[in-house]
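Single-structure report; data block below.
The values are calculated or read from the model by the stated rules, or taken from the named source; none is laboratory data. All values reported here derive from a predicted model rather than from experimental measurement. All Cβ positions, glycine included, derive from the backbone under ideal geometry; neighbour counts span all protein chains shown.
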Amino acid sequence: MEDGIAKQIEVANEEINFQSEIRADMSGMLEEYTCFDEKLETSEPKSSTVWNGRKVDIMLDRPSAKIHYIEKFITQAECDAIQAEVKDDLEDATVADGQGGSELDESRKAKQAGIEVDWEMEKEGDLIARLSRRVYDYTNYVLPFNINEEGQEDLMSIQYFGRGKDDESPDRYQPHCDGDCNGRTFR
């Protein structure tokens, strides 16, 4: 009986790995297509709404995945403040390694830097704290959580370079796995 179960587990793991490889291959093909077809139109939103005076186009709205485009979410001054904050701290982006650390991965090529938000300066109008509050407010608006800043990760700046048509290995953010990557539903 033990041999039979072990064989079934082995076959199931092979199928999970096979499907994972197919998803990675398909995403690469789709990315190449969508990034290099300059005539490809952007998808139409499924719906639109308004949040705090900003138009929100809802491109995808599933329980486990949401893509919302919020017009004028960040001001130029807020963007400049983030650029200034991270200019000396950018390093190669990583993914979680499943053991509590991080590692480099070809699926995620970019530069990143964490920004520790000075929440004490929010009342004084600190641009980064103001933007971060907006992120929490919108997140809580669309999700059934009551997330606050306490205990959360820093704000993250991710910057992409080298997106020219002739780049052999452009920066990209492809599907990747953070943590235990066995094909099962995320825990």
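Return the residues of region 114-125 that are free of Cβ contacts under 8 Å to residues at least 24 places away in the same chain and farther than 26 Å from ASP92 by Cα; say none if nothing qualifies. Write out each step before concluding.
Initially, region 114-125 is screened for residues free of Cβ contacts under 8 Å to residues at least 24 places away in the same chain, giving 118, 120-125.
Scanning region 114-125 gives GLU120, MET121, GLU122, LYS123, GLU124, GLY125.
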(request) Could you please find all residues in region 126-143 being over 18 Å from the mean Cα position of the chain (by Cα) and under 11 Å from ALA81 (Cβ atoms)? (result) ASP126, LEU127, ILE128, ALA129, ARG130
(request) Run ILE58 past the list (1) of a type outside the set (Gly, Ala, Ser); (2) within 19 Å of the chain's Cα centre (by Cα); (3) loosely packed, with under 11 Cβ neighbours inside 10 Å and report the number of the one that doesn't hold. (result) (3)
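If I filter region 133-187 down to residues being aromatic (Phe, Trp, Tyr) and modelled with pLDDT of 75 or more, which single residue comes out as surrounded by the fewest Cβ atoms within 10 Å (Cβ to Cβ)? Can you show your working first?
Within region 133-187, the subset aromatic (Phe, Trp, Tyr) is 136, 138, 141, 145, 160-161, 173, 186.
Then keep just the ones that are modelled with pLDDT of 75 or more; that gives 136, 138, 141, 145, 160-161.
Working: TYR136: 14, TYR138: 17, TYR141: 11, PHE145: 8, TYR160: 13, PHE161: 12.
The residue in question is PHE145.
Take ASP88 and tell me if it is in contact with a strand residue (DSSP E or B) (Cβ under 7 Å, 6 or more places away or on another chain), part of a loop (DSSP other than H, G, I, E, B) and either modelled with pLDDT of 95 or more or of a type in the set (D, E, K, R) (or both).
Details: in contact with a strand residue (DSSP E or B) (Cβ under 7 Å, 6 or more places away or on another chain): no; part of a loop (DSSP other than H, G, I, E, B): yes; either modelled with pLDDT of 95 or more or of a type in the set (D, E, K, R) (or both): yes.
Answer is no for this residue.
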(request) Quick one: LEU104 ticks every box in (1) at pLDDT 95 or above; (2) within 19 Å of the chain's Cα centre (by Cα) except a single one, so which number is it? (result) (1)
(message) So if I check each of ALA24, ALA81, which one is part of a helix (DSSP H, G or I), surrounded by 10 or more Cβ atoms within 10 Å (Cβ to Cβ) and at pLDDT 90 or above?
(response) ALA81
(request) Just give me the residues in region 144-169 being more than 19 Å from GLU78 (Cβ to Cβ) and free of Cβ contacts under 8 Å to residues at least 40 places away in the same chain, in sequence order. (result) PRO144, PHE145, ASN146, ILE147, ASN148, GLU150, GLY151, GLY162, GLY164, ASP166, ASP167, GLU168
(request) Residues being over 16 Å from ILE158 (Cβ atoms) and either among the hydroxyl-bearing types (Ser, Thr, Tyr) or part of a helix (DSSP H, G or I) (or both): count how many of those fall in region 91-132. (result) 9
